[in-house]
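Everything on this sheet refers to the single structure shown next.
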Amino acid sequence: MKLGFIGAGNMAQAIIAGLLKAKALAPSDIIIHGGHPENFEPYAARTGVTAVASNTAVAEAADWVVLAVAPALGQPVFAEVHDTLVKRPIPVLSLLTGVDLKTLAAWANTPVPLVRVMPNLNVALNAGMTAYVANEAAAQVLPDVVALLSRLGETIALPEKDFSTFVALAGSSPAFVYMFIDALSRAGVKYGLTKAAATKIAAQAVSGSAQMVLSSRDSPLDLADKVASPGGTTVAGMLVMEAAGFMPAVVAGVDATIAKDRE
Ligand SMILES: NC(=O)C1=CN([C@@H]2O[C@H](COP(=O)(O)OP(=O)(O)OC[C@H]3O[C@@H](n4cnc5c(N)ncnc54)[C@H](O)[C@@H]3O)[C@@H](O)[C@H]2O)C=CC1
Ligand SMILES: O=C(O)[C@@H]1CCC=N1
């Protein structure tokens, strides 16, 4: 199976890292092209994947192609590979935020299996959260696509109407969590820890807390109640965080993320 990537930036590289780590594909199964040869050619040399000279060359050599460019480049890229897709209508897996299947089909301008895929950066560690939805033409290939995506972490089939929400809760949220970890560790620095020690402490606490939520029947706030001893340190901190607008700030950030995705 040859998997082609049009666009070789952060998300393409995260997916490739996860697939190689899981041994789902070998480097020789992966073909890439990006906008900046000075970036993707050394990357290919480093990882053993195959760099080719054009998007058309990716579409010609691949069995499936992952569209991993900025959303604004989707239409011109489809125009570029149009003739190749007419000759060989291979499945296209689109990572583009805010671009629905109907728009992708219009841009493709030829019948082609389309899967809208929304991963997050954690696919690089096989700990991703990936949503997908497919058009009718992709019905046959979809189980194989989902099997491959499952090698990158958890997957969920979602209707298109929920994709913007998913982008906020999973696609973009690693950045929000990194902000929280940085805020926590910066507070540790305020009290004399080195940044390196504070970051490790904060990140491990967040990682363990997420694992606890995933493995417990308790809700996150039930778990918080188990942490907050009566008259103790935790409840003192929680109340001040809430008074400073913690939950409204997170929800307002999600609102803004969804609004941007729907622009
Ligand atoms: N970074 C993330 O965490 C996530 C990104 N996405 C989506 O994935 C897509 C890619 O995002 P990133 O990798 O973060 O962006 P990026 O900016 O890191 O990568 C974009 C890639 O496209 C390449 N490119 C530019 N012009 C091109 C052209 N004409 N032909 C082929 N390649 C071209 C660039 O050289 C670069 O390799 C976007 O649509 C984004 O919405 C989706 C979920 C999460
Ligand atoms: O920031 C972005 O637009 C992309 C989509 C989700 C994560 N990164």
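The values are calculated or read from the model by the stated rules, or taken from the named source; none is laboratory data. No experiment lies behind these values; they were computed from the predicted model shown. Reconstructed Cβ throughout: ideal geometry from the backbone, glycine too, with neighbour counts over all protein chains shown. Accessible surface areas use protein heavy atoms only, side chains included; no ligands, DNA or RNA. Shrake-Rupley method; radii C 1.70, N 1.55, O 1.52, S 1.80 Å.
Applying the Karplus relation 6.51 cos²θ - 1.76 cosθ + 1.60 with θ = phi - 60° to the stretch 93-102 yields 3J(HN,Hα) values of 9, 9, 9, 5, 6, x, 10, 7, 4, 4 Hz, where x marks Gly and Pro. Loop-resident trypsin sites (Lys or Arg not before Pro) (DSSP state other than H, G, I, E or B) in the stretch 148-240 with no more than 15 further Cβ atoms inside 10 Å of their Cβ: Arg217.
Among the chymotrypsin sites (Phe, Trp or Tyr not before Pro) found in the stretch 174-232, those both in a DSSP coil and sparsely packed, with 11 or fewer other Cβ atoms within 10 Å of their Cβ, are Tyr191.
If you count only protein heavy atoms with a 1.4 Å probe, what accessible area per residue comes out for the stretch 3-160, rounded to a whole Å²? Numbers along the way, then the final one.
Working: 6880 Å² over 158 residues.
Using a 1.4 Å probe on heavy atoms only, each residue of the stretch 3-160 averages 44 Å².
Solvent-accessible area of Met11, all protein chains in place: 50 Å² (probe radius 1.4 Å, heavy atoms, ligands and nucleic acids excluded).
The relative contact order of the stretch 3-160, computed from alpha carbon pairs under 8 Å that lie at least 6 residues apart in sequence, is 23 percent.
Report, in debye and to the nearest 20, how large the dipole of the stretch 1-88 comes out about its Cα centre when Lys and Arg carry +1 and Asp and Glu carry -1 on their Cβ. Numbers along the way, then the final one.
Values: 6 positive and 7 negative charges, 62 e Å.
Rounded to the nearest 20 debye, it is 300 debye.
Between Leu214 and Phe176, 0.36 nm times their residue separation minus their Cα-Cα distance comes to what?
Details: separation 38, 0.36 × 38 = 13.68 nm, distance 1.86 nm.
Contour length minus the Cα-Cα distance gives 11.8 nm.
Apply the a/c threshold of 1.5 to the C-alpha gyration tensor of the stretch 3-160 and tell me whether it is rounded, prolate or oblate. Here the stretch 3-160 falls in the oblate category. Have a look at the DSSP beta bridges in the stretch 3-160 and tell me what percent are antiparallel, nearest 5. Of the beta bridges lying entirely in the stretch 3-160, close to 15 percent run antiparallel.
Between Lys190 and Ala157, what length comes free when the chain is fully extended (0.36 nm per residue of separation minus the Cα-Cα distance, one decimal in nm)?
Between Lys190 and Ala157, full extension yields an extra 7.5 nm.
Accessible area per residue (1.4 Å probe, heavy atoms of protein chains only) ranks Thr110, Thr199, Thr233 as Thr233, Thr199, Thr110, with the largest value leading.
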